[in-house]
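To start, the structure itself, in structure tokens.
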Amino acid sequence: MSKSLNTALLQVDLKWEDPQANRSLFSKEIKALSDEIDLIILPEMFTTGFSMNAEKLAERNDGLSFNWMREMAALKNAAVTGSLIITENGNYYNRLFFVYPDGSYKTYDKRHTFTLAKEDKTYTAGKERLIVDYKGWRICPLICYDLRFPVWARNTKDYDLLIYVANWPNKRVAAWDALLKARAIENMSYCIGINRIGTDGDGYEYSGHSAAYDCLGENLTGENRESPFVEEISLDKDHLEKTRKQLKFLQDRDEFTLK
């Protein structure tokens, strides 16, 4: 068990539908990280950008990009997470992988497919939340549009860290900022959101605003969040536990089940 979790936030200009170029870009950034990193967080569809061209771009669970994640996890002795376009049993999924340093992994399929972009017409929605146990931390990883649905993220499992990997466009970035902070406060949890920057092949612009918030909604990241950046942030379990014990807000949460 570790009282600190050293996280690396990687915000880059993704190359449209070019997995090899994106893997090379991230390889360079990851290799430059400190040896103290425990968790490396990449954006949604980090090898392609937010593409509906699944027939061309989809990989199998054991494809090149997944194996690259395993290589990076082994190289830095750290967990790596981010989502990929995956094909399985005739369906396509926007699938997040949480890869442990030893190469084992867990997956989460995006629950809320983005109907405005017709993601629901291409990708099959997931049905189950994922809670990851890692170094004494309980982590709930989610994907982009899931951010708009607080019930799905509600902290009924006493997780310590909520993660959103995203391709969230600039025109709605004010909502991204507000909702990330709200998810941290209402769930008395650390909350990290990783977005991309640049312009994708469909002409949508992205301004980043990747951020980490503590359980009181304090922003732990730097001021300039609209350019490429790699930031290493240490999360403090003692701070989290002390705040929860003092304020006890989670004890008053509503009881419910998700269908």
Within segment 186-213, how many residues are of a type in the set (Asp, Glu), surrounded by fewer than 20 Cβ atoms within 10 Å (Cβ to Cβ) and in a loop (DSSP other than H, G, I, E, B)?
1
Identify, by number, the condition in (1) touching a Phe, Trp or Tyr at 6+ places or on another chain (Cβ under 9 Å); (2) under 18 Å from Ala184 (Cβ atoms) that Phe114 doesn't meet.
(2)
Among the residues of segment 104-123, is any under 25 Å from His239 (Cβ atoms), surrounded by fewer than 18 Cβ atoms within 10 Å (Cβ to Cβ) and not small (Gly, Ala, Ser)?
no
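Restricting segment 225-259 to residues that are basic (Lys, Arg) and surrounded by 13 or more Cβ atoms within 10 Å (Cβ to Cβ), which is modelled with the lowest pLDDT?
Our first condition is that a residue be basic (Lys, Arg); within segment 225-259, this holds for 225, 237, 242, 244-245, 248, 253, 259.
Next, from what is left, pick out any that are surrounded by 13 or more Cβ atoms within 10 Å (Cβ to Cβ): 225, 237, 244, 253.
Details: Arg225: 86, Lys237: 97, Arg244: 97, Arg253: 91.
Checking each candidate, the answer is Arg225.
Residues Trp152, Trp137: which one is crowded, with 18+ Cβ neighbours inside 10 Å, at pLDDT 95 or above and over 12 Å from the mean Cα position of the chain (by Cα)?
Values: Trp152 fails: crowded, with 18+ Cβ neighbours inside 10 Å.
Result: Trp137 is the single residue among Trp152, Trp137 that is crowded, with 18+ Cβ neighbours inside 10 Å, at pLDDT 95 or above and over 12 Å from the mean Cα position of the chain (by Cα).
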Got a number for residues in segment 1-23 being part of a loop (DSSP other than H, G, I, E, B) and crowded, with 18+ Cβ neighbours inside 10 Å?
4
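Pick from Glu71, Glu44, Glu59: which is farther than 18 Å from Tyr108 by Cα and either touching a Cys at 6+ places or on another chain (Cβ under 9 Å) or among the acidic types (Asp, Glu) (or both)? Walk me through it before giving the result.
Details: Glu44 fails: farther than 18 Å from Tyr108 by Cα; Glu59 fails: farther than 18 Å from Tyr108 by Cα.
Just one listed residue meets the conditions, Glu71.
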I'd like to know if segment 117-124 contains one or more residues that are touching a strand residue (DSSP E or B) at 6+ places or on another chain (Cβ under 8 Å) and polar (S, T, N, Q).
yes
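Which one of Gly222, Gly198 is at pLDDT below 95 and closer than 22 Å to Ala8 by Cα?
Matching residue, one of Gly222, Gly198: Gly222.
Return yes or no: is Asp146 free of Cβ contacts under 8 Å to residues at least 60 places away in the same chain, closer than 30 Å to Met1 by Cα and part of a loop (DSSP other than H, G, I, E, B)? I'd like the intermediate steps shown before the answer.
Numbers: free of Cβ contacts under 8 Å to residues at least 60 places away in the same chain: yes; closer than 30 Å to Met1 by Cα: yes; part of a loop (DSSP other than H, G, I, E, B): no.
Spelling it out, it is not the case that Asp146 is free of Cβ contacts under 8 Å to residues at least 60 places away in the same chain, closer than 30 Å to Met1 by Cα and part of a loop (DSSP other than H, G, I, E, B).
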Considering segment 165-185, residues that are closer than 22 Å to Pro19 by Cβ and of a type outside the set (Gly, Ala, Ser), and then whichever is surrounded by the fewest Cβ atoms within 10 Å (Cβ to Cβ), we arrive at Pro169
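Out of segment 84-99, which residues are surrounded by fewer than 20 Cβ atoms within 10 Å (Cβ to Cβ) and either more than 24 Å from Leu14 (Cα to Cα) or charged (D, E, K, R) (or both)?
Taking segment 84-99 first, the residues surrounded by fewer than 20 Cβ atoms within 10 Å (Cβ to Cβ) are 87-92.
Within segment 84-99, Glu88, Asn89, Gly90, Asn91 meet the criteria.
Matching residues to (1) polar (S, T, N, Q); (2) under 30 Å from Gly203 (Cα atoms); (3) in a loop (DSSP other than H, G, I, E, B):
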| position | (1), (2), (3) |
| --- | --- |
| Ala73 | no, no, no |
| Ile85 | no, yes, no |
| Asn94 | yes, yes, no |
| Lys106 | no, no, no |
| Thr113 | yes, yes, yes |
| Cys140 | no, no, no |
| Asn167 | yes, yes, yes |
Of all residues in segment 24-55, count the ones that are part of a loop (DSSP other than H, G, I, E, B) and either touching a strand residue (DSSP E or B) at 6+ places or on another chain (Cβ under 7 Å) or more than 22 Å from Glu226 (Cβ to Cβ) (or both).
16
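How many residues does segment 125-157 hold that are among the hydroxyl-bearing types (Ser, Thr, Tyr) and in contact with a strand residue (DSSP E or B) (Cβ under 8 Å, 6 or more places away or on another chain)?
Residues of segment 125-157 that are among the hydroxyl-bearing types (Ser, Thr, Tyr), as a first pass: 134, 145, 156.
In the following step, the residues that additionally are in contact with a strand residue (DSSP E or B) (Cβ under 8 Å, 6 or more places away or on another chain) were identified as 134.
Residues in segment 125-157 being among the hydroxyl-bearing types (Ser, Thr, Tyr) and in contact with a strand residue (DSSP E or B) (Cβ under 8 Å, 6 or more places away or on another chain): 1 in total.
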Segment 24-36 - residue that is buried (at least 18 other Cβ atoms within 10 Å of the Cβ) and without any contact (Cβ under 8 Å) to a residue 60 or more places away in the chain and, of those, farthest from the chain's Cα centre (by Cα)
Leu25
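The values are calculated or read from the model by the stated rules, or taken from the named source; none is laboratory data. As the structure is a computational prediction, the values presented were derived from the model and not from experiment. Cβ sites come from the backbone with ideal geometry, for glycine too, and all protein chains shown count toward neighbours.
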